[in-house]
Amino acid sequence: MELEEFLYYKSFRPGQRELALSVYEACKRGERLVVEAVSGFGKTAAVLAGSLAAAKEDDLKILYACRTKRQIWRVMEEVSRLQDRNQLAAVDLSSKYDYCLLMRKSHFGVSSESFRWYCNFHVTNNLCSYFLNLTLLNNKVTNLAHQKSMRFFPHSTLLQKSEEIHACPYEVTRLALAGAKMVTTTYHYIFDETSRSLLFTSTQFEPSRTIVIFDEAHNLRDFIRGLFTVALSVADLERAVNESKELYLESVQDALRTLKTRIQDFCSTSKSWFVDKESFLKELCRGHDKTWLANLSF
């Protein structure tokens, strides 16, 4: 076991090798390890050295989960330095929303919340040429996926290269995942059920054969709370009203406007911070049957 093989720098800083060794031993034994160190210690380099050494010996994969996209890129910059010395297939994965070239070319704004519908609609109705081109450009797409996994380049570069061959960057990334030994992504791809299936089904990342690293794990509690909490503001409803108008969905527009008015009226007359769910729903659906709100939500 040579930890230095997976260190880009000339030598470990004081304390770094001990951390890398602790990470290595925890990975080998299948244990959990919690690490805390001061800013500037070089945790990322040490954690990568220990986990990559263990992964190479036991033929494991690494899933490095970060809180934000900015942190993903910081980790991948460290990985890119290692790729100068090792044949390390590593891929960074952001949300599908961040890759869409069709949306970027469109004058119609799409929020991240409604993007899944936007993408599904265009793909299933053969309206996205970037997706349709994938089978026609098989060799070019495969080559770009290989480039992405073997040499990290910025997100903007992936979009540019994908635009040049007119192919979907998200699908290029998905293809790159299949051969990757390491994936750096956000917490969503582990804790969100829909997103998790991409990693642990499509790309054969077996949980029992995967080392999972949580960067800044002290944020996990707030993240998970937010993941299972939905906040809908009056401003969100107003945007939905305007979007339905632009899409010529008059009945939806009228229903949303009614909903917005009733929510505002209910909140303005409520004298308590606590709202009874049944009373609230009854007021919202006044004059309609129980399916009205569910159909509107859909």
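The values are calculated or read from the model by the stated rules, or taken from the named source; none is laboratory data. Remember, it's a predicted structure, so these values are computed and weren't measured experimentally. Cβ sites come from the backbone with ideal geometry, for glycine too, and all protein chains shown count toward neighbours. When the accessible area is computed, the model is the full protein with side chains, heavy atoms only, and any ligands, DNA or RNA have been set aside. Shrake-Rupley method; radii C 1.70, N 1.55, O 1.52, S 1.80 Å.
A few notes on this one:
- The chain: relative contact order in percent, alpha carbon pairs under 8 Å with at least 6 residues between: 20
- Taking the protein heavy atoms of the chain in the context of the full set of protein chains, the accessible area attributed to carbon and sulfur is 53 percent at 1.4 Å.
- A DSSP coil position with no more than 10 other Cβ atoms inside 10 Å describes none of the trypsin sites (Lys or Arg not before Pro) in the range 218-259.
- Summing Lys and Arg as +1 and Asp and Glu as -1 over all other residues whose Cβ lies under 13 Å from the Cβ of Glu216 gives a net charge of +2.
- For the range 221-298, dividing the convex hull volume of the Cα atoms by the residue count gives 125 Å³ per residue.
- Cα convex hull volume per residue for the range 148-298 (Å³): 200
- The range 114-198: translational diffusion in µm²/s, Stokes-Einstein, Kirkwood Rh over Cα pairs, 25 °C, 0.890 mPa s: 177
- Where trypsin sites (Lys or Arg not before Pro) fall in DSSP loop in the range 20-116, at most 10 other Cβ within 10 Å: Arg32
- The chymotrypsin sites (Phe, Trp or Tyr not before Pro) of the range 216-265 meeting both criteria, a DSSP state outside H, G, I, E and B (loop) and at most 16 other C-beta atoms within 10 angstrom of the site's C-beta, are Phe228, Tyr248.
- Per residue value of the accessible surface for the chain (all protein chains in place, 1.4 Å probe), Å²: 61
- Mean silhouette area of the chain, derived from the convex hull of its C-alpha atoms and averaged over all directions, reads 19.6 nm².
- Candidate residues Trp273, Trp292, Trp73, Trp117: accessible-area rank, largest first, probe 1.4 Å: Trp273, Trp117, Trp73, Trp292
- Convex hull volume per residue, computed on the Cα atoms of the range 25-165, equals 164 Å³.
- With contacts taken as Cα pairs under 8 Å at a separation of at least 6 residues, the range 169-266 carries a relative contact order of 16 percent.
- Relative contact order (%) - criterion: Cα under 8 Å, at least six apart; region: the range 76-168: 42
- Summing charges over all other residues whose Cβ lies under 12 Å from the Cβ of Glu243, with Lys and Arg as +1 and Asp and Glu as -1, gives -2.
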